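Okay, structure first, notes after.
The values are calculated or read from the model by the stated rules, or taken from the named source; none is laboratory data. Being a predicted model, the structure only gives us computed values, none of them experimental. No Cβ is skipped: glycine too gets one built from the backbone with ideal geometry, and neighbour counts run over all protein chains shown.
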Amino acid sequence: MAKVDAYHTNSPEYPPTHRNVYHDHDDCKYGREIKLWHRVPGTGNRPRCDECIALG
């Protein structure tokens, strides 16, 4: 479990729990479901994912 560079997705194939937030933890269950080619670097001015917050 470790922090990673922030990323988000704009892809409509993901639900809002994945799309409306950014992820920054390698163990985030929502972030891990985002395919590498759908990841956009940075926060995208979105709030941090609740799962990532809980992981630290």
| said: Restricting to the stretch 12-23, count the residues that are touching a strand residue (DSSP E or B) at 6+ places or on another chain (Cβ under 7 Å) and surrounded by fewer than 19 Cβ atoms within 10 Å (Cβ to Cβ). | reply: 0
| note | Flagged in the stretch 1-13 as more than 11 Å from the chain's Cα centre (by Cα) and within 16 Å of Thr43 (Cβ to Cβ), in numbering order, are Lys3
| query | When residues of the stretch 30-45 are filtered for being basic (Lys, Arg) and either under 10 Å from the mean Cα position of the chain (by Cα) or closer than 10 Å to Tyr7 by Cβ (or both), how many remain? | reply | 2
| Looking at (1) at pLDDT 95 or above; (2) touching a helix residue (DSSP H, G or I) at 6+ places or on another chain (Cβ under 6 Å), which is the only condition Trp37 fails? | (2)
| said: Out of the helices (runs of 4 or more DSSP H) lying entirely within the chain, which hold 2 or more residues that are in contact with a Gly (Cβ under 8 Å, 6 or more places away or on another chain)? | reply: 50-55
